[in-house]
Amino acid sequence: MGNLKALKTIQAQTKLKAKKREFRLLAELLASQFHVSHGTHLINLLGCGDEKTNVDAIAFWLAKQGGYLEEVKVLQIDPLNHLHNELSKKLMSAEFGG
């Protein structure tokens, strides 16, 4: 019984690490597309304040979009285009004070 509980805990931790890795990879890709890979200016806009880089802030923002990501995975749709558009809207809104 204890082994089963340990196995479930390890599986849950592995799944969480994979999800964080996925958010990080998507964040790096989006940061590259928006040419904001370096710097910290997006932390207050997209993050919670604990992030150290723009990529970390984008990863945090992506984690908040997690429900959407799960939905499009089920539909076997690439979420990158939608996430790019949503991030673009967020950045434009901040730039123009909206």
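A compact table of results
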quantity	calculated
Per DSSP, loop trypsin sites (Lys or Arg not before Pro) in the chain with at most 13 further Cβ within 10 Å	Lys52
Ala6 paired with Ser93, simple spin-label distance in nm, labels 7 Å along Cα-to-beta-carbon	4.7 nm
Rounded tilt (10° steps) of 54-64 against the dominant C-alpha axis of the chain	60 degrees
Rounded to 10°, Cα long-axis angle of helix 2-33 versus longest principal axis of the chain	20 degrees
The stretch 42-47 - phi-based ³J(HN,Hα) in whole Hz, Karplus 6.51/-1.76/1.60, Gly and Pro as x	9, 4, 5, 7, 10, x
Per-residue ³J(HN,Hα) for the stretch 77-90, Karplus 6.51 cos²θ - 1.76 cosθ + 1.60, θ = phi - 60°, Hz, x for Gly and Pro	10, 6, x, 4, 4, 5, 5, 4, 5, 5, 5, 4, 4, 4
Label of the coordinate-derived value, Rg/Rh (Cα atoms, Kirkwood Rh), listed as [x] 1.63; [y] 0.95; [z] 1.08	[z]
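Rule-based calculations on the coordinates, nothing more; no lab input. Not measured: the values here are computed from a predicted model. Methodologically, a virtual Cβ is constructed for each residue, glycine included, from the backbone with ideal geometry; neighbour enumeration extends over all protein chains shown.
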